[in-house]
1. I'd like the FRET efficiency for SER122 and THR88, computed as 1/(1 + (r/R0)^6) with the beta carbon distance as r and R0 of 25 Å, rounded to 0.05.
2. Relative to the Cα centre, what is the charge dipole magnitude of the range 31-130, using +1 at the beta carbon of each Lys and Arg, -1 at the beta carbon of each Asp and Glu, and rounding to the nearest 20 debye?
3. Considering only DSSP states other than H, G, I, E and B, which GluC sites (Glu not before Pro) in the range 25-130 qualify as loop sites with at most 13 other Cβ atoms within 10 Å?
Amino acid sequence: MRKTASFVALIGSSTLLLTGIAHADYASVQEKYVSGAFSEADDDWRRIMINRNDACGSYGKNGTRRIDVLIDDYEALGKAISQGNEATATKAAKELASSIERNQRFKSCWRKISRKNGITTSFTVALKKL
């Protein structure tokens with residue numbers, strides 16, 4: 001009986017520790033998020049960025065552009081952060097991280113557009129930790 005109680009206590013404390021780490025990672029993402037980073041990313045700016053880095057261009061059969069996916073995911077994260085909804089923001093952060101890590105072309109595009117708009121690499125690292 002004592003072994004079972006000890007095991008349950010160990011699992012409970014591990015869960016609290018992991019939850020605390022996840023919260024710390026979210027806080028890091030929230031702190032490093034640059035509000036309005038893509039506020040001037042209109043169609044002309046996006047077209048210029050695609051011309052400078054073809055990795056940001058279209059993929060798949062629908063002609064979806066990588067730059068649009070990345071910026072939309074980033075802005076969805078910002079909206080969730082501004083609403084104060086940690087669960088939604090965490091989900092959006094994981095979606096952005098997934099988009100960035102989808103393949104080398106997405107990574108290349110993200111590096112180019114994030115640096116151009118003042119988003120630090122530590123933000124991207126914090127995303128991956130979530």
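Every read-out reported here was derived from the displayed coordinates using simple, explicitly stated rules and does not represent laboratory data. In this text, all values refer to a predicted model and were calculated from it rather than measured experimentally. As a convention, Cβ positions derive from the backbone with ideal geometry for all residues, glycine included, and neighbour counts pool all protein chains shown.
1. After rounding, the FRET efficiency stands at 0.65.
2. Magnitude of the dipole: close to 500 debye.
3. When the GluC sites (Glu not before Pro) of the range 25-130 are filtered for loop state and at most 13 Cβ neighbours within 10 Å, GLU40 remain.
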